[in-house]
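A.B. asks: Below you will find the structure I want to go over with you.
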Amino acid sequence: MAAKKDYSGGLVAQNRRARHDYDIVATYEAGIVLVGAEVKSFREGRVQLRDSYARAQDGEVWLHGMHVSPYGYATAFGMFDPDRSRKLLLHRREIDDLARQTRQGPLTLVPLSVYFKDGRAKVELALARGRREYDKRRAIADREAQLEAKRAMGTRRH
């Protein structure tokens with residue numbers, strides 16, 4: 001899902017489904033290694049995170065399943081595979097920690113959003129635990145109850 005915004009330093013794409021399907025345990029900010037005209041496609045917001053996930057392998061973290069549409073004006077030199085795995089840049093301690101936690105428990109790495117920060121492409125990566133169907137219903141009910149309470153408090157003040 002590409003959310004259009006001002007790309008000079010803002011949001012490129014969000015994975016809204018991730019917050020619905022997973023309980024977020026922790027979040028990390030990682031850089032993304034891009035090649036060729038991928039940066040141009042990022043700036044145009046032509047990125048989909050829907051079925052993407054990250055995996056720690058051999059001391060590195062890779063983002064799988066992120067689709068970056070090819071840039072329309074790129075020549076053969078700037079062309080790339082839209083569904084290739086992309087390397088994520090994290091500190092060694094963070095990589096080791098993520099690898100250990102995903103190996104031990106029922107946790108997975110899910111990208112929440114892709115954005116630019118100081119001219120560099122970043123991904124917000126979440127260490128997450130999958131929700132079951134009844135957990136999703138409960139989360140929706142809790143969110144609606146909070147919204148209802150907020151509305152009731154808002155009408156009382158006036």
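A.B. asks: How many residues, within segment 12-32, are over 10 Å from the mean Cα position of the chain (by Cα), over 12 Å from K122 (Cβ atoms) and in a strand (DSSP E or B)?
C.D. replies: Residues that pass the stated criteria total 5.
A.B. asks: Please find, among T75, T108, the residue that is over 17 Å from the mean Cα position of the chain (by Cα) and not charged (D, E, K, R).
C.D. replies: Of T75, T108, the one residue that is over 17 Å from the mean Cα position of the chain (by Cα) and not charged (D, E, K, R) is T75.
A.B. asks: Follow-up. Only one of V33, V114, V123, V61 is of a type in the set (V, I, T), touching a strand residue (DSSP E or B) at 6+ places or on another chain (Cβ under 7 Å) and farther than 24 Å from R17 by Cβ; which?
C.D. replies: It is V33.
A.B. asks: Moving to a separate point now. Yes or no: segment 17-29 includes at least one residue that is small (G, A, S), surrounded by 16 or more Cβ atoms within 10 Å (Cβ to Cβ) and either farther than 26 Å from A139 by Cα or touching a Phe, Trp or Tyr at 6+ places or on another chain (Cβ under 6 Å) (or both).
C.D. replies: Within segment 17-29, not a single residue is small (G, A, S), surrounded by 16 or more Cβ atoms within 10 Å (Cβ to Cβ) and either farther than 26 Å from A139 by Cα or touching a Phe, Trp or Tyr at 6+ places or on another chain (Cβ under 6 Å) (or both).
A.B. asks: Return the only residue of E124, E148, E60, E94 being in contact with an Asp or Glu (Cβ under 7 Å, 6 or more places away or on another chain), modelled with pLDDT of 85 or more and of a type in the set (D, E).
C.D. replies: From the options E124, E148, E60, E94, the qualifying one is E124.
A.B. asks: Please pick out the residue among R55, R131 that is under 15 Å from Y28 (Cα atoms) and among the basic types (K, R).
C.D. replies: Result: R55 is the single residue among R55, R131 that is under 15 Å from Y28 (Cα atoms) and among the basic types (K, R).
A.B. asks: Cβ-Cβ distance below 9 Å, separation of 6 or more or different chains: which pairs start in segment 128-148 with a residue that is touching a residue at least 24 places away in the same chain (Cβ under 8 Å) and end on one that is among the polar types (S, T, N, Q) and surrounded by 10 or more Cβ atoms within 10 Å (Cβ to Cβ)?
C.D. replies: Note: pairs meeting the criteria are A128/T108; R129/T108; G130/T108.
The values are calculated or read from the model by the stated rules, or taken from the named source; none is laboratory data. Quick caveat, the model's predicted, so the values are computed rather than measured. Using ideal geometry, Cβ is built from the backbone for each residue, glycine included, and neighbour counts are taken over all protein chains shown.
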